[in-house]
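**Student:** Quick one: structure below, then a few questions.
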Amino acid sequence: MDTFFGGIEAGGTKFVCVVASGPDKVLAQERFATTSPDETIGRTINFFTPFVESKQVRSLGIAAFGPVDLDKNSSTYGYITSTPKPGWAQTNLLGAIRDALKIPCGFDTDVNAAAFGEYYWVSENRELDPLLYITVGTGIGVGGIVNGKTLHGLIHPEAGHMFIPHDRKVDPFPGVCPFHEDCLEGLASGPSMAKRWGQPAETLPDDHPGWDLEAKYIGFLISNLLLNFSPKRIVLGGGVPQHTGFIPKVRKLVQQQLNGYIQSTRVTETIEDLIVSPTLGSQAGVMGAIALAKTAIE
Ligand code: ADP
Ligand code: ZN
């Protein structure tokens, strides 16, 4: 019998549950809206129960929206902690699922999991450590792999909220982050674009000035990440970078912003090998959860 693993991408908008042995072998998949914790976690448990009872699934990986507690020694390990999402603050996501299904569970942030998915399943990425994964969508998140492991620390990376140059003469928009002024998520998330321009990002025409501004802000993020972490690969995912021509624009701006300072041809010449779209596309997060499940029992 093939060995399968369970993967959960627990997003703030939707949950994706998958039974798979890897990206090429998906046995079952279900997605549903994130409603109340009880209802959403209940549906998740119901989806996996038959696979666990038949012993087809022996471990699970959970890729959760955050902030989350990743400290295994903490009494709130596996909790979603201070989220503004109604009803979800201080939710014991990992505990509820593990108590019901009684199998080993890996647990990480959604972006760390997406980084791990790209690292684990895309063979060329195994040589490109440190690897960072950025999502630019409803929020902006950054996850990473260093020495083959997801990046944890005091809590976990929150580079989506990094402070970046904000020239208010060029861009008077104050941002949408309830915590910070001049933070990247406030200035460059999908909702910030929608609010600044009065229409959703996916409806802005190709020649709209919003795209240059957005590329400049995401360029600052990537330039700062290159200076801080010296990654060998940066995977740029989420809804906004899917806009045609956006990633090439960002690559050019990163080269301009760094101005030759980082003396690697991966920046100065072959930047298209450094900053890439996710190979796994929208499956990066959930396939990262499958990889977390695998490593939970290896
Ligand atoms: P989430 O972050 O909720 O997981 P997405 O990464 O798809 O989901 O992000 C949704 C955001 O991305 C929305 O603000 C939406 O306007 C924007 N978006 C989605 N698709 C595109 C696109 N093709 N071009 C530009 N913006 C997009
Ligand atoms: Zn912020």
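**Student:** Given the criterion touching a residue at least 24 places away in the same chain (Cβ under 8 Å), in contact with a strand residue (DSSP E or B) (Cβ under 7 Å, 6 or more places away or on another chain) and open to solvent by 20 Å² or more (accessible area, probe 1.4 Å), identify the matching residue among Gly148, Gly139, Gly66, Gly78.
**Tutor:** It is Gly66.
**Student:** What pairs can you find where one residue is in segment 184-197 and in the same structural domain as Leu225 (by TED's automatic domain parsing) and of a type in the set (Asp, Glu), the other is within 15 Å of ligand 2 (Cβ to nearest atom) and part of a helix (DSSP H, G or I), and their Cβ atoms are less than 9 Å apart, with a gap of 6+ or different chains?
**Tutor:** From segment 184-197, the pairs are Glu185/Gly160; Glu185/His161; Glu185/Ser192.
**Student:** Every residue in segment 223-246 that is within 16 Å of ligand 1 (Cβ to nearest atom), at negative phi and in contact with a helix residue (DSSP H, G or I) (Cβ under 9 Å, 6 or more places away or on another chain), please.
**Tutor:** Val235, Leu236, Gly237, Gly239, Val240, Pro241, Gln242, His243, Phe246, listed by residue number.
**Student:** Right, next: Which of the residues belonging to segment 277-298 are open to solvent by 20 Å² or more (accessible area, probe 1.4 Å) and under 26 Å from Arg251 (Cα atoms)?
**Tutor:** Across segment 277-298, the qualifying residues are Ser277, Pro278, Thr279, Leu280, Gly281, Ser282, Gln283.
**Student:** With the requirement that a residue be among the acidic types (Asp, Glu) and either within 16 Å of ligand 2 (Cβ to nearest atom) or at pLDDT below 95 (or both), what does segment 185-211 give you?
**Tutor:** Within segment 185-211, Glu185 is the sole residue that qualifies.
**Student:** Suppose we keep only residues that are at positive phi and either part of a helix (DSSP H, G or I) or not acidic (Asp, Glu) (or both) within segment 154-212. Which one would you say is least open to solvent (accessible area, probe 1.4 Å)?
**Tutor:** Ranking the qualifying residues of segment 154-212, first place goes to Gly175.
**Student:** What's the number of the condition Asp182 fails, among (1) more than 22 Å from Gly11 (Cβ to Cβ); (2) more than 11 Å from ligand 2 (Cβ to nearest atom); (3) charged (D, E, K, R)?
**Tutor:** With respect to (1) more than 22 Å from Gly11 (Cβ to Cβ); (2) more than 11 Å from ligand 2 (Cβ to nearest atom); (3) charged (D, E, K, R), Asp182 is out only on (2).
**Student:** Looking only at segment 250-259, filter to residues that are in contact with a helix residue (DSSP H, G or I) (Cβ under 9 Å, 6 or more places away or on another chain) and open to solvent by 20 Å² or more (accessible area, probe 1.4 Å); which one of those is farthest from Asp110 (Cα to Cα)?
**Tutor:** Out of the qualifying residues, it is Gln256.
**Student:** Now for a separate question. So which of Ile218, Ile262, Ile234, Ile247 is open to solvent by less than 20 Å² (accessible area, probe 1.4 Å) and not in a helix (DSSP H, G or I)?
**Tutor:** Answer to the check: Ile234.
**Student:** Let me ask you something else. Can you pull out the residues in segment 265-276 that are part of a helix (DSSP H, G or I) and open to solvent by 30 Å² or more (accessible area, probe 1.4 Å)?
**Tutor:** Result: Thr265, Arg266, Thr268, Glu272, Asp273.
**Student:** Then there's this: More than 18 Å from the chain's Cα centre (by Cα) and away from ligand 2 (no atom under 14 Å from the Cβ): does that describe Pro231?
**Tutor:** Considered against the rule, which asks whether it is more than 18 Å from the chain's Cα centre (by Cα) and away from ligand 2 (no atom under 14 Å from the Cβ), Pro231 comes out as no.
**Student:** Can I ask one more? Could you check segment 82-102 and list, in sequence order, the residues that are open to solvent by 30 Å² or more (accessible area, probe 1.4 Å) and either of a type outside the set (S, T, N, Q) or assigned to a strand (DSSP E or B) (or both)?
**Tutor:** Pro84, Lys85, Pro86, Gly87, Ala89, Asn92, Ala96, Arg98, Asp99, Ala100, Lys102
**Student:** Taking the conditions exactly as written (open to solvent by less than 70 Å² (accessible area, probe 1.4 Å), of a type in the set (Gly, Ala, Ser) and within 17 Å of the chain's Cα centre (by Cα)), does Gly239 satisfy them or not?
**Tutor:** Judged against the criteria, Gly239 is a match.
**Student:** Is it the case that Gly153 is outside the structural domain of Ser230 (by TED's automatic domain parsing), more than 16 Å from ligand 2 (Cβ to nearest atom) and out of contact with any Lys or Arg (no Cβ under 7 Å at 6 or more places or on another chain)?
**Tutor:** No: the conditions fail for Gly153.
The values are calculated or read from the model by the stated rules, or taken from the named source; none is laboratory data. In this text, all values refer to a predicted model and were calculated from it rather than measured experimentally. Cβ coordinates were reconstructed from backbone atoms using ideal geometry, including for glycine residues, and neighbour counts include every protein chain displayed. These area figures cover heavy atoms from the full protein model, side chains too; ligands, DNA and RNA do not enter into them. Shrake-Rupley method; radii C 1.70, N 1.55, O 1.52, S 1.80 Å.
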